[in-house]
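Below is one structure, written out as structure tokens; the observations come after it.
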Amino acid sequence: MSRPVVMRKGRAAPEKRLQHQIRRELEKLGCEVCDLTQPRATMLPLGLPDLYVRHEGWRVRVWMEVKTERGRLSPWQEAWLARERAAGGHAAVVRSVDDAINALRAAGAPIE
């Protein structure tokens, strides 16, 4: 089972800070970024990735699970990502802004 996000005094948890950085940079590229991080009580499917990113002009869509360098995927997250890929979708674990941009490139985005 996933652990709740622990907020530190006056600062967001490292994963949340990284997620915010990724979102900000992808929006600069013209991407629409949907943050799907919700309390478990929302009844979203277990393992649903943190971000859904799409760019209409590039015709790309990518699910992104944000993790810090030391962060590990839960079994539910691994299974969700595997099912998305098996269905022909693009899903990635991203640990940096560069990882997120590379995930978009892998999905066909013409980013130089």
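Of the residues Gly89, Met43, Ala13, the one whose Cα sits farthest toward the positive end of the charge dipole of the chain, with +1 on the Cβ of Lys and Arg and -1 on the Cβ of Asp and Glu, is Ala13. Shape verdict for segment 61-112, please, from the Cα gyration tensor: rounded (a/c under 1.5), prolate (a/b greater than b/c) or oblate. Since a/c reaches 1.5 but b/c is at least a/b, the shape of segment 61-112 is classed as oblate.
Is the chain best put as rounded, prolate or oblate by its Cα gyration tensor, with a ≥ b ≥ c the root eigenvalues, rounded for a/c under 1.5, and otherwise prolate when a/b is larger than b/c, oblate when not? Since a/c reaches 1.5 but b/c is at least a/b, the shape of the chain is classed as oblate. In terms of the mean number of neighbouring beta-carbon atoms within 10 Å, the peptides 18-30, 67-79 order highest first as 18-30, 67-79. For Val66, the residues whose modelled amide H falls within less than 5 Å of its own, excluding neighbours fewer than 5 places apart on the same chain, are Asp50, Leu51, Val94.
Read the figures in this text as sums done on the coordinates, not as results from a lab. Because the structure is a prediction, the values reported are computed rather than measured. Every residue, glycine among them, receives a Cβ derived from its backbone with ideal geometry; neighbour counts consider all protein chains shown.
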